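The values are calculated or read from the model by the stated rules, or taken from the named source; none is laboratory data. This structure is a prediction, so every number in the text was calculated from the model and none was measured. Cβ placement follows ideal geometry from the backbone for every residue including glycine, while neighbour counts extend to all protein chains displayed. When the accessible area is computed, the model is the full protein with side chains, heavy atoms only, and any ligands, DNA or RNA have been set aside. Shrake-Rupley method; radii C 1.70, N 1.55, O 1.52, S 1.80 Å.
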Amino acid sequence: MKTIKDLNIDNKKVIIRCDFNVPIKDNKIIDDTRIASALETINYCLKRNCKIILLSHLGRIKEEKDLENNDLYPISIHLSKLLNKKVMFSKTTRGKELESMIDNMNNKDIILVQNTRYEDLFDKKESKNDFELGKYWASLGDFFINDAFGTIHRAHASNVGIASNIPSAIGFLVEKELNALSSLNVPDKPFIVLLGGSKVSDKIGVIEKLVLKADKILIGGGMAFTFLKAKNFEIGKSLLDEESLDFCKNILKNYSDKIILPVDFAVTNDFNNEEDYRQKDIKDFSINEMGLDIGNKTKTLFENHLKEANLVLWNGPLGVYEFDKYRKNTDEILKFIVNNNIKTILGGGDIVAAATTAGYKDKVFHASTGGGATLEYLEGKKLPGLEVIK
Ligand code: AMP
């Protein structure tokens, strides 16, 4: 794979596709990890005396009112603080104003262009990889660097579109992600997979692939209940993914020695953070109860498996971590992994969000910045953002 170091970008205009899709509330950036992760590539381009044009999406744009909520301007201010350097902002995604800003750039100047998905308002030009749009953006620079791992599994105008038109490579962030994920191709053994989250159906492809490589797959979160239902347990009002029942039955039949299911849960009667909860074995569930976190016996069971591992892949939280009460054992297992130095890859999305708020994100071997992209990589699918660079 061609990386930024393979291109002679000295003194050139370089377009970098970043992933600045950060959570913003009341105009404040709540978690700037993604912005901070882009600095290495930006700083490299500064050292090379480049004119730097940054592109990113933020949120989704479906109607006019989405524009204001997904304005990238606050990101330019934040980035400017992190770099200790002025970052210019283009309010528009194309046109005379943007072009003249670029024409007037000096070496080492940085421009952040407005949210690429503003182009989705009409005809979804960005998300559908409109040919003219990709060509136009490409015309603004000499080289293109894709450093947005979170969208690498998508063919959009701001990644595939541009890369189809000018010499391109991946940036340091994407390179790091690929290096970490490649350790899963021939994993160190014992290799243990920890799966949580809500729906089995979203993860069928991944389970089918991983069950061949993993020594054990530990299943928690809401998705555990579909497996438990497939084993004829009463699961009460817990999450059930009916359409995946047959899949679960088959996996359990063919890999009974590999799949480890919870034996108990934190249960309650209503889906909220207020009600009291109790610890209950799965065999004692009643029809009005729902399990919202794995139980304490399961935590110990999982830890006993994890301590044997030489590599762990963890995708999805083990409980409803958005409620303080039901994130307890996700946090406990994160702590266990960190304290015992167990080489672990967190596969993006909610588990990385949980690790970030609990303060463990920077203490694990690798926390991926791309949930969907990581899953598609693990399924063995081709990632369009990389294919075009290859
Ligand atoms: P996913 O996007 O499939 O990784 O799912 C993440 C979601 O799973 C989070 O929003 C969690 O709240 C949810 N989740 C985890 N455990 C449970 C559970 N026991 N019951 C319902 N939802 C859960």
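Data table
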{"read-out": "Criterion (farther than 18 Å from Val211 by Cβ, basic (Lys, Arg) and in contact with a strand residue (DSSP E or B) (Cβ under 7 Å, 6 or more places away or on another chain)) met by exactly one of Lys299, Lys280", "value": "Lys280"}
{"read-out": "Count of residues meeting criterion [within 20 Å of Arg327 (Cα to Cα) and of a type in the set (Phe, Trp, Tyr)] in the range 222-257", "value": "1"}
{"read-out": "Subset of the range 220-233 [free of Cβ contacts under 8 Å to residues at least 60 places away in the same chain and more than 11 Å from Gly291 (Cβ to Cβ)]", "value": "Thr226, Phe227, Lys229, Ala230, Lys231, Asn232"}
{"read-out": "Residue within the range 106-124 that is out of contact with any helix residue (DSSP H, G or I) (no Cβ under 8 Å at 6 or more places or on another chain), at pLDDT 95 or above, closer than 24 Å to Phe172 by Cα and assigned to a strand (DSSP E or B) present", "value": "no"}
{"read-out": "Matching residues in the range 209-238 - criterion: being more than 14 Å from the ligand (Cβ to nearest atom), assigned to a helix (DSSP H, G or I) and open to solvent by less than 20 Å² (accessible area, probe 1.4 Å)", "value": "Leu210, Val211, Ala230"}
{"read-out": "Matching helices (runs of 4 or more DSSP H) fully within the range 293-390 where at least 1 residues are farther than 27 Å from Phe265 by Cβ and open to solvent by 40 Å² or more (accessible area, probe 1.4 Å)", "value": "371-378, 384-387"}
{"read-out": "Subset tally (residues that are of a type in the set (Val, Ile, Thr), away from the ligand (no atom under 14 Å from the Cβ) and out of contact with any strand residue (DSSP E or B) (no Cβ under 6 Å at 6 or more places or on another chain)) for the range 343-364", "value": "1"}
{"read-out": "Selection status of Glu68, in contact (Cβ under 8 Å) with a residue 24 or more places away in the chain, in a helix (DSSP H, G or I), of a type in the set (D, E, K, R) and more than 26 Å from Lys361 (Cβ to Cβ)", "value": "no"}
{"read-out": "Within the range 322-342, tally of residues that are aromatic (Phe, Trp, Tyr) and within 12 Å of the ligand (Cβ to nearest atom)", "value": "2"}
{"read-out": "Residue among Glu242, Glu177 that alone is out of contact with any Leu (no Cβ under 9 Å at 6 or more places or on another chain), touching a residue at least 60 places away in the same chain (Cβ under 8 Å) and of a type outside the set (Val, Ile, Thr)", "value": "Glu177"}
{"read-out": "Flag for Ser244 being assigned to a loop (DSSP other than H, G, I, E, B), within 15 Å of the ligand (Cβ to nearest atom), over 17 Å from Gly347 (Cα atoms) and among the small types (Gly, Ala, Ser)", "value": "no"}
{"read-out": "Neighbours by Cβ (under 8 Å, 6+ apart or cross-chain): first from the range 182-195, over 14 Å from His305 (Cα atoms); second among the basic types (Lys, Arg) and modelled with pLDDT of 90 or more", "value": "Leu184/Lys213; Pro187/Lys213; Asp188/Lys343"}
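Residue by residue, here is whether (1) among the polar types (S, T, N, Q); (2) over 22 Å from the mean Cα position of the chain (by Cα); (3) at pLDDT 95 or above; (4) open to solvent by less than 80 Å² (accessible area, probe 1.4 Å) holds:
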residue	(1), (2), (3), (4)
Lys12	no, yes, yes, no
Arg17	no, no, yes, yes
Ile29	no, no, no, yes
Lys47	no, yes, yes, no
Ser56	yes, no, yes, yes
Tyr73	no, yes, yes, no
Lys81	no, yes, yes, no
Ser100	yes, yes, yes, yes
